[in-house]
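Working notes for the structure below.
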Amino acid sequence: MVEIRRYFFSFFILVFIISCKSDQKEITYPYSFKAETNPWVKHIRTADPDAHVWKDGKVWVYTSQDHYPDSTRMTKPWHVYNRMDGYHVFSSENMIDWIDHGEILHSKNVSWGLSEGGYMWAPGAAYKNGTYYLYFPHLDKSKKFKIGVATSNYPQGPFIAEPNYINGTSGIDPMCFIDDDGQAYLYFGRMMVAKLSDNMLTLAEEPRRINTGNERIMEGAFMHKHNGKYYYSYTNHKEEVNHGFYSIGDNPYGPFDYKGAMKVKPPGAQDHHSIVKFKGDWYYFYHLGDFVNDKGEMGNGHLRNVCVDYLYYNDDGTIKMVEETKNKLFNK
Ligand code: FUB
C-alpha cells in the first residue's frame, strides 16, 4: 500500500514538473485575443517578430517560438536557443484584436535539418505573385546554419519547406525585402545580401557584403523604405545600453550612412526588430525577456515575448529613439 502511494505521489510530482516546464497553456487555434499591454503576446513565448502588411490590408506578424532549452544539448551559450521551434503567425486589422493562427512550420517538416530538431531561429516572410514565402535559419545535418524557405498559398500557412536549403546561404536571420520594381533581396547573416531569383527559391547572384558605415553589426538585419530612402537596420547585442541601430542608403545594396541607435536594449533580451507602416503609422516590433507569464514563470533572454510600439521619424528622415512601453500598449 505504501509502495502504491509512493508511486502515485511520484507520478503526480512528475506531471506537475512537466506541466510547469511546458510554459504553454492549452489553446485551440486559431486563437483570438486582445492586445492590452506590452508584451502583447502573452499566451506563448514568441520572439523575433517579422511584421508585414499584405494585400488584405491586415498586419501579419511572423514569430519564432521560445521553449525551455534542452540542457543535455548545451555546450555553447547560444545553445540556450536549442529548442526554439514551431513558427507562429498573428494577424490583425487594428493592432488590438489579434488572431494567433497557430503553428505554421516545425523543424520536423524540414528534411534537410538536424534530426534532433529545434534551432528554428528568426524568420522573415514575403509575398509575391500569389505565394507567401517564409525564410528561416536552421542547423543543417552538419550543424551549420543555413537559410531555408517554405511556401504557402495563404498568409497563415501551413508552409511547406523546400527539400533543400537555399544554395549559397549561411548564417542566421533572413529578411526578404521586395523593392517597388518587384525585385526581391534576401538579407541574412552578418551584413550579407543577394537578389532572389524570380521564383524566390534560389539566389540570383553571389551574396555580397554590405557596407553599413559601421562594422559592429551582429544580427537581425531588417530593410525598409521611407521617402525613397533605404533603411538597413540591425542589432548589436554586444552593446550595453543600445541594441537597435540603423544606416540609410540610396539602394538596397548600399553603401549606407551609419545613423546610430534607435532603440535601447529591451529588458532581459537582445533587440530583434521589424518596422512596418500600417494605416498611416509606423510601428517597431521587438521582443523582451522579462515577462512573467500566467504561471508565474519569469521570462529570460531565451524565453521572450513580442511587443510593439510606434516609431517616429525626424524631419530629416532620421529615426527618433523608439520609446518602449510596459504595462500599456504603445508609446503615444
Ligand atoms: O531567436 C534566436 C536568435 O536570437 C535570433 O536568430 C537572433 O536574432 C536573436 O533574436
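The values are calculated or read from the model by the stated rules, or taken from the named source; none is laboratory data. Keep in mind the model is a prediction, meaning the values are calculated, not measured. Heads up, the Cβs are rebuilt from the backbone with ideal geometry, glycines too, and the neighbour counts pull from every protein chain shown.
Would you pick out the residues in segment 205-215 that are assigned to a loop (DSSP other than H, G, I, E, B) and loosely packed, with under 15 Cβ neighbours inside 10 Å? Outline the logic, then answer.
Kept after step one, since they are assigned to a loop (DSSP other than H, G, I, E, B), are these residues of segment 205-215: 205-207, 210-215.
Those that are assigned to a loop (DSSP other than H, G, I, E, B) and loosely packed, with under 15 Cβ neighbours inside 10 Å: GLU205, GLU206, GLU215.
So which of ALA194, ALA261 is under 28 Å from HIS138 (Cβ atoms) and among the aliphatic types (A, V, I, L, M)? Break it down into steps so the answer makes sense when it comes.
Values: ALA261 fails: under 28 Å from HIS138 (Cβ atoms).
Answer to the check: ALA194.
Note down all Cβ pairs under 9 Å where the first residue falls in segment 198-209 and is in contact (Cβ under 8 Å) with a residue 60 or more places away in the chain and closer than 18 Å to GLY254 by Cβ, the second is part of a strand (DSSP E or B) and of a type outside the set (D, E, K, R), and they're at least six residues apart or on different chains.
Every condition considered, no pair remains.
Restricting attention to segment 32-81, and to residues there that are within 16 Å of the ligand (Cβ to nearest atom) and basic (Lys, Arg), which single residue is surrounded by the most Cβ atoms within 10 Å (Cβ to Cβ)?
So the first thing to find is which residues in segment 32-81 are within 16 Å of the ligand (Cβ to nearest atom), and the list is 39, 41, 44-51, 61-70, 73-74, 76-81.
From what's left, basic (Lys, Arg): 45, 73, 76.
Details: ARG45: 28, ARG73: 12, LYS76: 7.
Looking at residues that are within 16 Å of the ligand (Cβ to nearest atom) and basic (Lys, Arg), I get ARG45.
Residues in segment 158-176: is at least one at pLDDT below 95 and either of a type in the set (D, E, K, R) or under 18 Å from the mean Cα position of the chain (by Cα) (or both)?
Just the residues of segment 158-176 that are at pLDDT below 95, to begin with: 158.
Next, only the ones that are either of a type in the set (D, E, K, R) or under 18 Å from the mean Cα position of the chain (by Cα) (or both) stay: 158.
Within segment 158-176 (the criterion being at pLDDT below 95 and either of a type in the set (D, E, K, R) or under 18 Å from the mean Cα position of the chain (by Cα) (or both)), the answer is yes, since at least one residue qualifies.
Mind checking which strands (runs of 3 or more DSSP E) fall wholly inside segment 119-170 and carry at least 1 residues that are without any contact (Cβ under 8 Å) to a residue 24 or more places away in the chain and under 24 Å from HIS287 (Cα atoms)?
Details: elements: 124-128, 131-139, 145-152.
Ranges flagged: none.
Filter segment 236-252 down to the residues that are closer than 12 Å to ASN214 by Cβ, crowded, with 22+ Cβ neighbours inside 10 Å and within 16 Å of the ligand (Cβ to nearest atom) and list them by number.
PHE245, TYR246
Among the numbered criteria (1) modelled with pLDDT under 95; (2) farther than 20 Å from CYS176 by Cβ, which one does GLY260 miss?
(1)
Of all residues in segment 171-181 being assigned to a loop (DSSP other than H, G, I, E, B) and of a type outside the set (Gly, Ala, Ser), which is farthest from the ligand (Cβ to nearest atom)?
Within segment 171-181, the first condition is being assigned to a loop (DSSP other than H, G, I, E, B), and the residues that meet it are 171-174, 179-181.
Subsequent filtering for residues that are of a type outside the set (Gly, Ala, Ser) retains 172-174, 179-181.
Values: ILE172: 5, ASP173: 5, PRO174: 10, ASP179: 23, ASP180: 27, ASP181: 29 Å.
In this case the residue turns out to be ASP181.
Considering only segment 145-158, I want to know if a residue exists there that is aromatic (Phe, Trp, Tyr), in contact with a Gly (Cβ under 6 Å, 6 or more places away or on another chain) and within 14 Å of the ligand (Cβ to nearest atom). Walk me through how you get there before you give the answer.
Keep residues of segment 145-158 that are aromatic (Phe, Trp, Tyr), which gives 145, 154.
The next check asks that each one be in contact with a Gly (Cβ under 6 Å, 6 or more places away or on another chain); those that pass are 145.
Retained after the next criterion (residues that are within 14 Å of the ligand (Cβ to nearest atom)): 145.
There is at least one residue in segment 145-158 that is aromatic (Phe, Trp, Tyr), in contact with a Gly (Cβ under 6 Å, 6 or more places away or on another chain) and within 14 Å of the ligand (Cβ to nearest atom).
Counting only residues that are crowded, with 24+ Cβ neighbours inside 10 Å and under 15 Å from HIS79 (Cα atoms), which one in segment 132-148 is nearest to the chain's Cα centre (by Cα)?
Here the residue is PRO137.
How many of the residues making up segment 79-118 are of a type outside the set (D, E, K, R) and part of a loop (DSSP other than H, G, I, E, B)?
Of segment 79-118, the ones of a type outside the set (D, E, K, R) are 79-82, 84, 86-92, 94-96, 98-99, 101-102, 104-107, 109-115, 117-118.
Adding the requirement that they be part of a loop (DSSP other than H, G, I, E, B) leaves 82, 84, 86, 94-96, 106, 110-112, 114-115, 117-118.
Count: 14.
Looking at segment 126-143, is at least one residue acidic (Asp, Glu), modelled with pLDDT of 95 or more and away from the ligand (no atom under 16 Å from the Cβ)?
Of all residues in segment 126-143, those acidic (Asp, Glu) come to 140.
Retained after the next criterion (residues that are modelled with pLDDT of 95 or more): 140.
From what's left, away from the ligand (no atom under 16 Å from the Cβ): none.
The answer is no; no qualifying residue exists.
Here is a list of conditions, (1) at pLDDT 95 or above; (2) within 16 Å of the ligand (Cβ to nearest atom); (3) basic (Lys, Arg), and ARG208 meets all of them except one; can you say which number that is?
(2)
Pick from MET175, MET192: which is free of Cβ contacts under 8 Å to residues at least 24 places away in the same chain and within 28 Å of ASN211 (Cα to Cα)? Steps first, answer last, please.
On the way: MET175 fails: free of Cβ contacts under 8 Å to residues at least 24 places away in the same chain.
Only one candidate passes the filter, namely MET192.
Whether any residue in segment 221-233 is over 17 Å from the mean Cα position of the chain (by Cα), part of a strand (DSSP E or B), on the phi > 0 side of the Ramachandran plot and more than 12 Å from the ligand (Cβ to nearest atom) is what I want to check. Spell out how you get there, then give the answer.
Kept after step one, since they are over 17 Å from the mean Cα position of the chain (by Cα), are these residues of segment 221-233: 225-231.
Narrowing the set further to residues that are part of a strand (DSSP E or B) leaves 225-226, 229-231.
Next, only the ones that are on the phi > 0 side of the Ramachandran plot stay: none.
Within segment 221-233, none of the residues are over 17 Å from the mean Cα position of the chain (by Cα), part of a strand (DSSP E or B), on the phi > 0 side of the Ramachandran plot and more than 12 Å from the ligand (Cβ to nearest atom).
What is the number of the single condition among (1) touching a residue at least 40 places away in the same chain (Cβ under 8 Å); (2) in contact with a His (Cβ under 6 Å, 6 or more places away or on another chain) that GLY86 does not meet?
The number of the failed condition is (1).
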